[in-house]
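Working notes, beginning with the structure itself.
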Amino acid sequence: EAAVTQSPRNKVAVTGGKVTLSCNQTNNHNNMYWYRQDTGHGLRLIHYSYGAGSTEKGDIPDGYKASRPSQENFSLILELATPSQTSVYFCASAPTGEQYFGPGTRLTVL
Amino acid sequence: GQQVQQSPASLVLQEGENAELQCNFSTSLNSMQWFYQRPGGSLVSLFYNPSGTKQSGRLTSTTVIKERRSSLHISSSQTTDSGTYLCAMETRGSAKLIFGEGTKLTVSS
């Protein structure tokens, strides 16, 4: 089974601060994804990538940037964090179709 | 509109009863993926099912493209099956998943 790890697992940030969430996968999957999960909204796609150097906007990209410097790593960047970005963030990877999820990062923006 | 409709929203069973969870989709499907999630936990992939029936232990997934539906059947439920079950649709020509709202399952002994 695919191994997807995320760091940090928990993060408290201040409004206006910069936050970087990291994701690493060791299975050489081409595709990687960032989602957020909120009560009442389910899971929503923020950004995704088809491989090193590529990033694509998902359904709710505003306020987020993504970076894919290598096949293994995919980062989500909040340049100016806001309380509305308090959520649980999941990273996933996929060779093509089936997606494998990381353990999640709980982000609280005060 | 919502492209993936999941039902029921919640389900309460006695241990040993069977459960049938449904997802209906409104656009062209490449595959349906089913996940299990514990409160505060990550998503565990149960099935990736483009069509037909797949079984794993007490779990069975059936996807019928023509009827635009996919189901997850849990037989002889156990208390450890409690949690949220999510379906997610992979549309044709896209590497993205569109998630349903989930079914919260509670199995009591």
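Data table
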| item | result |
| --- | --- |
| Matching residues in the range B:44-54 - criterion: being within 11 Å of chain A (Cβ to nearest Cβ) and not in a strand (DSSP E or B) | B:Pro50 |
| In the range A:20-78, the residues that are in a strand (DSSP E or B) and of a type in the set (S, T, N, Q) | A:Thr20, A:Ser22, A:Asn24, A:Gln25, A:Asn31, A:Gln37, A:Ser49, A:Ser67, A:Asn73, A:Ser75 |
| Verdict on B:Gly102 being among the small types (Gly, Ala, Ser) and either modelled with pLDDT of 95 or more or buried (at least 16 other Cβ atoms within 10 Å of the Cβ) (or both) | yes |
| Single residue of B:Gly41, B:Gly57, B:Gly93 found to be over 18 Å from B:Val12 (Cβ atoms), modelled with pLDDT under 95 and away from chain A (no Cβ under 12 Å) | B:Gly93 |
| Given (1) surrounded by 15 or more Cβ atoms within 10 Å (Cβ to Cβ); (2) in contact (Cβ under 8 Å) with a residue 12 or more places away in the chain; (3) closer than 30 Å to B:Ser51 by Cα, index of the condition A:Thr86 fails | (3) |
| Single residue of A:Gly51, A:Gly104 found to be surrounded by fewer than 14 Cβ atoms within 10 Å (Cβ to Cβ), touching a residue at least 12 places away in the same chain (Cβ under 8 Å) and of a type outside the set (S, T, N, Q) | A:Gly51 |
| Subset of the range A:7-36 (residues that are within 14 Å of another protein chain (Cβ to nearest Cβ) and over 11 Å from the mean Cα position of the chain (by Cα)) | A:Arg9, A:Asn10, A:Gln25, A:Asn27, A:His29, A:Asn30, A:Asn31 |
| Scan of the range B:12-38 for residues that are in contact (Cβ under 8 Å) with a residue 60 or more places away in the chain, within 13 Å of the chain's Cα centre (by Cα) and away from chain A (no Cβ under 11 Å), ordered by number | B:Ala19, B:Leu21, B:Cys23, B:Phe25 |
| Options B:Ser28, B:Ser42; residue that is among the small types (Gly, Ala, Ser) and surrounded by fewer than 18 Cβ atoms within 10 Å (Cβ to Cβ) | B:Ser28 |
| Residue satisfying all of: in the range B:96-109; assigned to a strand (DSSP E or B) and more than 7 Å from every other protein chain (Cβ to nearest Cβ); farthest from B:Pro39 (Cα to Cα) among these | B:Ile98 |
| Enumeration of residues in the range A:95-108 that are under 21 Å from B:Met32 (Cβ atoms) and facing another protein chain (nearest Cβ under 7 Å) | A:Gly97, A:Glu98, A:Gln99, A:Tyr100, A:Phe101 |
| Residue in the range A:28-46 that is under 23 Å from B:Gln6 (Cα atoms) and touching a Gly at 6+ places or on another chain (Cβ under 6 Å) present | yes |
| Failed item in (1) crowded, with 19+ Cβ neighbours inside 10 Å; (2) under 14 Å from the mean Cα position of the chain (by Cα), with B:Ser77 passing the rest | (2) |
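The values are calculated or read from the model by the stated rules, or taken from the named source; none is laboratory data. Here the structure is a predicted model, which means the values were calculated and not measured. No Cβ is skipped: glycine too gets one built from the backbone with ideal geometry, and neighbour counts run over all protein chains shown.
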